[in-house]
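Report on the structure given below.
The values are calculated or read from the model by the stated rules, or taken from the named source; none is laboratory data. In this text, all values refer to a predicted model and were calculated from it rather than measured experimentally. Glycine gets a Cβ as well: all are built from the backbone with ideal geometry, and neighbour counts include every protein chain shown. Each accessible area value is taken on the protein alone, full model and side chains, heavy atoms only, with ligands, DNA and RNA left out. Shrake-Rupley method; radii C 1.70, N 1.55, O 1.52, S 1.80 Å.
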Amino acid sequence: MDDCIRETMRAVSVHSYGGPENLHLETDAEVPSPAENEVLIKVSAAGVNPIETFILAGTYGLNKPSLPYTPGTDAAGVVEEVGSGVTNFKKGDRVYTTCTMSGAYAEFATAESVYVNHLADSLTFAQGACIGVPYYTAAKALLIRGQVKEGETIVIHGASGAVGMAAVQISKALGLTVVGTAGTNDGLDLLKELGADLVVNHRDESYIHTIKDAVGGADVILEVVANVNLEKDIELIKLRGRILVVGSRGHIEWDPFSTVTKECSVMGVNIRETTPSEWEEMHNLFTAGQECGWLQPKIAREYPLSEAAASHRDVIHHRGIMGKLVLDTAT
């Protein structure tokens with residue numbers, strides 16, 4: 001660390017599950033130390049993901065953290081210290097991570113080096129904090145689970161959201177024909193700016209017919225609200241197409257036999273079930289994206305670290321957020 005070693009920091013802490021009111025800023029939290037294969041990051045910005053509101057509510061069953069805990073997985077900043085087993089990062093490197101061990105809503109955070117990648121000077125730390133979960137979820141869906149091929153047509157639902165925008169950028173870079181759906185005129189305009197080949201309002205009851213008439217259907221569908229769209233997705237998918245489910249907000253009843261005539265696949269995508277070689281593949285994709293300039297995260301809004309609760313309230317109550325919400329750890 002610096003010559004004057006800091007022992008305490010500001011960090012958001014959760015002592016009981018519930019709503020955003022349970023996010024409390026502490027000013028004397030202990031600065032974590034990196035383990036053997038970890039890096040300690042001096043965090044400049046932390047990304048806010050919708051899943052963090054479910055974890056806070058206590059309704060997310062996977063890897064439920066023990067209380068108290070500091071929320072957040074996505075962060076960007078400068079390497080402050082490295083563990084003894086780390087060879088690909090050094091003090092002073094600009095980095096971002098998609099998984100922290102100690103929690104991203106803090107001035108310092110530890111992360112295993114496998115989840116860390118270098119951040120180019122062309123991107124701000126706030127943009128770096130936007131990469132994490134949205135971009136790596138989209139990359140795993142398209143590259144690893146979906147095995148997309150140049151020339152295929154992809155329909156990206158909710159494409160004006162953080163995961164959707166990442167998927168649009170990745171798909172265009174890989175040579176796919178991109179159909180993006182959104183629910184507002186602002187969202188549709190944004191998708192045109194991002195280069196989507198066709199934009200469709202998913203609030204229009206005839207949107208499936210619009211897509212079919214224009215491109216004949218989809219080889220691949222990225223689905224963020226499966227409980228609403230799955231049956232329509234099966235109608236829209238081409239023969240032996242792939243439906244990639246990255247999100248759902250409820251249960252549905254549907255006839256699995258509907259997949260038989262299309263011989264289509266419905267696959268779940270879980271970023272946490274990813275091998276080291278798959279992480280490396282995705283890191284390489286985004287290193288190239290930074291170098292080529294197509295990786296351009298969009299920040300919807302920035303908040304001071306002290307207003308983490310407000311960021312969660314906005315995630316819960318505000319639909320149609322275009323981009324990602326970010327916490328500025330310096331304020």
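When the residues of region 135-163 are filtered to those that are within 10 Å of the chain's Cα centre (by Cα) and modelled with pLDDT under 95, which remaining residue is farthest from residue 211 (Cα to Cα)? Among them, the one singled out is 162. Against the conditions (1) open to solvent by less than 70 Å² (accessible area, probe 1.4 Å); (2) farther than 27 Å from residue 118 by Cα; (3) aromatic (Phe, Trp, Tyr), residue 286 satisfies every one except (2). Against the list (1) among the hydrophobic types (A, V, I, L, M, F, W, C); (2) surrounded by fewer than 15 Cβ atoms within 10 Å (Cβ to Cβ); (3) closer than 21 Å to residue 287 by Cβ, the condition residue 148 fails is (2). Of all residues in region 266-284, those satisfying the criterion of being under 27 Å from residue 329 (Cβ atoms) and part of a helix (DSSP H, G or I) are 279, 282, 283.
Looking across region 99-120, the residues that are over 14 Å from residue 44 (Cβ atoms), in contact with a strand residue (DSSP E or B) (Cβ under 9 Å, 6 or more places away or on another chain) and among the β-branched types (Val, Ile, Thr) come down to 110, 116. Beta carbons closer than 6 Å, at least 6 apart along the sequence or on distinct chains, pair a first residue in region 239-254 that is among the hydroxyl-bearing types (Ser, Thr, Tyr) with a second that is surrounded by 10 or more Cβ atoms within 10 Å (Cβ to Cβ) for 248/226; 248/227. On inspection, residue 88 fails the criterion of being open to solvent by 50 Å² or more (accessible area, probe 1.4 Å) and within 19 Å of the chain's Cα centre (by Cα).
Consider residue 174 against the criteria (1) open to solvent by less than 30 Å² (accessible area, probe 1.4 Å); (2) touching an Asp or Glu at 6+ places or on another chain (Cβ under 9 Å); (3) more than 26 Å from residue 301 (Cα to Cα): it satisfies all of them except one. Which criterion is unmet? Result: residue 174 fails condition (1) only.
Does residue 327 satisfy being crowded, with 20+ Cβ neighbours inside 10 Å and farther than 19 Å from residue 158 by Cα? Yes; evaluated as a whole, the condition is true for this residue.
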